[in-house]
Amino acid sequence: MNSEDEKFLTEVHRNLDKMAIGPGSPFYVHLEELPGDVLGQDPVPMLARRVRRSTAGSAFYLTGLRGSGKSSHLMRFKQDMERDGYAVLMLDAEDYLNLRRPLDVSELLFFLVGAISDEAVGRDWIEKSDGVDSYGWRRLREWMSRTRVFPSAEVGVKAPIVEAKVGLRTELRNNPGFIAQLRDFLDTGALVDQAHAIIAEMVEQMRKRWTAENRGEWLGLVLIVDSLDHNRADDAGTFQDVRRALVTLFDVDRAKLELPNCRTVFTLPSLVPISDAGVVRKVTNVKVADPEGEPHQPGIDALRAVLAKRVPDGKLDRILADDAAVAKVVRASGGNLRMLLQLAMEVITQAETLPVDDETIDSAIREMRNSLLPLAEDERQRLRKVATTHNLPLDTPECWEPVAELLNRRLVLGYRNGDFWFDVHPLLADHLGR
């Protein structure tokens, strides 16, 4: 391979490595606008309409399977709401919380207050603080220091965390003892009232600064809370604890998370049910085959467009010579965007000539298949049920954890054309047959 080809493939590899992109990226493809209904109904305009027509204090939810493009949808939603004139802050729970353990309302409220504060300070929307904590964290610390927060403590005894020199954000992320104190001793009702009061203060600061800077009419603050869908247990023993905690948070305790003067969008795992299903929007994979396994050409064409965007000047045929080669790569991805990009990177990593030959494509596909293996016998049985019924085998509470694992590992992919349906990843079909 000559130096020009090497330089070309290096640029393509770097472009493919950019997984989560928004509509401002030169690599972005608005799949919902392509013909063929490859993703079903676009969740972004529907979510935007619900948010615009709601009153401040409302909460909404976005779910989706891993690698299906939720982050890109959220970026597009953010852009749309900003274009409408709303103030928008995007918060990443993974930066503040340990998402490998069950969450409760106390630590989530601490996160929301602190993250809103940090992001608003970063945008110069509220006042800065001189200490280690931004405004919201400082207000929480002041409240804890003057309030008998821990009822079991003797009068006059302060919680050790109040005296700490380290920031509350660091304590929340890294100190299990602090979390235990929040859960075991904190007056949850008092915290809810105080957290809501601090958030209302910060939103009012933002409104005043927005007005003073003549940015137009203040339509309100929209919060996007990303990465809570990453809240999953490390082992089967704690899976139900994590899942039950999320159900409690967003169903039983939902009112405590409806923040004053804000419209809030949370991302949640797809297997966390919310009783008000009308506010949930789901993101699925691109349909590249129908339930009978026949190719769905609009989906294949859509993902061809995704790949072409990552190649300089769109010259995809310099790598994949013809339609058959493109279709082979696209169908092997199962329509999962993340796996498509990973598979394309594997193809060009193995490439020794351009365009790549069938043997190289087949070798890359084998490598991707091997990443999904091995399978235990109980996993094969569940996968066979999915392949037969095109539904998730959630017959008993004990099934939820192993099914969630199949989804997390992308052994099962979800699609939508009218109704939602599921299928086994196409790379596993022959393996299950054997």
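The values are calculated or read from the model by the stated rules, or taken from the named source; none is laboratory data. Predicted model only: the values in this text are computed from it and were never measured. Backbone-built Cβ (ideal geometry, glycine too); neighbour counts: all protein chains shown. Each accessible area value is taken on the protein alone, full model and side chains, heavy atoms only, with ligands, DNA and RNA left out. Shrake-Rupley method; radii C 1.70, N 1.55, O 1.52, S 1.80 Å.
Quick notes
- The residue that is nearest to residue 312 (Cα to Cα), counting only those in segment 1-60 that are acidic (Asp, Glu) and touching a Leu at 6+ places or on another chain (Cβ under 7 Å), is 5.
- Evaluation of residue 89 against (1) hydrophobic (A, V, I, L, M, F, W, C); (2) more than 23 Å from residue 140 (Cα to Cα); (3) at pLDDT 95 or above (one fails), failing number: (2)
- Of all residues making up segment 253-269, the number that are over 22 Å from residue 100 (Cβ atoms) and either among the hydrophobic types (A, V, I, L, M, F, W, C) or not in a loop (DSSP other than H, G, I, E, B) (or both): 8
- Per the conditions (1) modelled with pLDDT under 95; (2) buried (at least 16 other Cβ atoms within 10 Å of the Cβ), the sole criterion not satisfied by residue 222 is (1).
- Of the helices (runs of 4 or more DSSP H) contained entirely in segment 348-434, those carrying at least 2 residues that are open to solvent by less than 40 Å² (accessible area, probe 1.4 Å) fall at 358-372, 377-389, 400-408.
- The sole residue among 169, 183 that is at pLDDT below 85, of a type in the set (D, E, K, R) and touching a helix residue (DSSP H, G or I) at 6+ places or on another chain (Cβ under 8 Å) is 183.
- Residues of segment 324-347 classified as outside any helix (DSSP H, G or I) and either open to solvent by 10 Å² or more (accessible area, probe 1.4 Å) or of a type in the set (Gly, Ala, Ser) (or both), total: 3
- Condition check for residue 235: more than 30 Å from residue 220 (Cβ to Cβ) and at pLDDT 90 or above: no
- Counting only helices (runs of 4 or more DSSP H) wholly contained in segment 1-105, the ones carrying 2 or more residues that are under 18 Å from residue 340 (Cβ atoms) occupy 3-16, 70-84.
- Unique residue being basic (Lys, Arg) and farther than 21 Å from residue 239 by Cα when the list is 366, 382: 366
- Test for residue 314: is it in contact with a Lys or Arg (Cβ under 9 Å, 6 or more places away or on another chain) and either modelled with pLDDT of 95 or more or open to solvent by 30 Å² or more (accessible area, probe 1.4 Å) (or both): no
- Criterion violated by residue 117 - all others in (1) touching a strand residue (DSSP E or B) at 6+ places or on another chain (Cβ under 6 Å); (2) assigned to a helix (DSSP H, G or I) satisfied: (1)
- Test: residue in segment 40-61 that is open to solvent by 20 Å² or more (accessible area, probe 1.4 Å), modelled with pLDDT of 85 or more and closer than 30 Å to residue 167 by Cβ: yes
- Scanning segment 120-147 for residues that are in a loop (DSSP other than H, G, I, E, B) and within 18 Å of residue 89 (Cβ to Cβ) turns up 123, 124, 125, 126, 127, 128, 129, 133, 134.
- In segment 255-281, residue farthest from the chain's Cα centre (by Cα) [restricted to those that are at pLDDT 75 or above and either of a type in the set (Gly, Ala, Ser) or open to solvent by 60 Å² or more (accessible area, probe 1.4 Å) (or both)]: 261
- Test: residue 129 is more than 30 Å from residue 407 (Cα to Cα) and among the polar types (S, T, N, Q): yes
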